[in-house]
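Contents: one structure, followed by commentary.
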Amino acid sequence: MPDRTIRRLYPWGLAGIGSVLSALAGFAANPASWSILAIGLALTALVAGIAALEVRARNRIDAAVAARTREITEVNARLRREIEERQRAETLLLEREHRFRDFAEVASDWYWETDREHKFIYVSERIRDLGGFLPAHYIGRTREQTMMDPDRPPGWPEHLADLAAHRPFRNFIITRRRHDGTPWFVQISGRPIF
């Protein structure tokens with residue numbers, strides 16, 4: 001029975017174990033073999049040390065990647081919140097602008113906006129009823145370019161100076177011609193907003 005147990009553990013049998021033991025004995029008797037064994041053990045220790053360093057480095061890299069991933073996730077969440085806040089603010093601003101335009105349409109005969117070069121960038125639809133022109137007729141043109149009368153109204157140079165200096169003006173009267181050619185006296189007021 002013990003012989004079967006040994007054979008299971010060492011299938012080559014007792015004779016095989018004996019030859020391994022005699023090889024080890026011969027190895028131990030040879031001093032040159034000890035240096036080979038020492039080199040082998042040193043190389044084994046070196047490989048084991050390198051493997052341990054690799055594992056530690058990989059663990060540090062994994063920890064750094066996990067930390068950076070958490071940071072990026074937090075930054076992305078903050079950016080999403082900021083984008084949502086900006087979108088809500090933009091929606092609110094557009095609603096307020098729409099309400100303001102509605103108010104301006106009701107509160108005055110017509111409403112207009114110009115850019116820094118005094119070119120119309122917005123003209124309310126009401127201009128069609130008053131002057132007979134579509135708002136697009138004015139867009140991209142200066143007030144002077146839209147006047148059909150070659151004569152400039154009294155105070156025109158002062159009015160241009162007010163525009164150039166970005167000063168508000170009130171009740172400036174200009175004469176225009178409607179689409180059908182009839183005169184149209186227009187009293188305008190403006191306040192620069194930048």
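The values are calculated or read from the model by the stated rules, or taken from the named source; none is laboratory data. All of these numbers come straight from a predicted model, not from anything done at the bench. We place every Cβ from the backbone using ideal geometry, glycine too, and count neighbours over all the protein chains shown. Protein only, heavy atoms only, side chains kept; ligands, DNA and RNA dropped before computing areas. Shrake-Rupley method; radii C 1.70, N 1.55, O 1.52, S 1.80 Å.
Hey, could you get me the Stokes-Einstein D for segment 149-194, Kirkwood radius over alpha-carbon pairs, 20 °C and 1.002 mPa s, rounded to whole µm² s⁻¹?
This corresponds to a translational diffusion coefficient of 184 µm²/s.
Whose amide H sits under 5 Å from the amide H of TYR122, counting only residues 5 or more places off or on another chain, with H placed in the peptide plane?
It is GLU113, by chain and number.
Any chance you could get the radius of gyration and Dmax over the Cα atoms of segment 106-194, in Å?
Radius of gyration, then largest Cα-Cα span, for segment 106-194: 12.5, 36 Å.
Mind ordering 80-88, 169-177 by average Cβ neighbours within 10 Å, highest first? Could you put the intermediate results ahead of the total?
Working: 80-88: 10.0, 169-177: 14.2.
Ranked by mean Cβ neighbours within 10 Å, highest first: 169-177, 80-88.
After finding the eigenvalues of the alpha carbon gyration tensor for segment 38-142, what semi-axes result from the square roots of 5 times each, listed largest first in whole Å?
73, 16, 7
Given a Förster radius of 30 Å and the C-beta distance between ASN171 and ILE139 as r, what FRET efficiency does 1/(1 + (r/R0)^6) yield to the nearest 0.05?
Working: r = 25 Å, r/R0 = 0.83.
E(calc), rounded to 0.05, equals 0.75.
Counting only heavy atoms of protein chains, what accessible area per residue, in Å², does segment 108-174 have with a probe of 1.4 Å?
On the way: 3970 Å² over 67 residues.
Here the per-residue accessible area is 59 Å².
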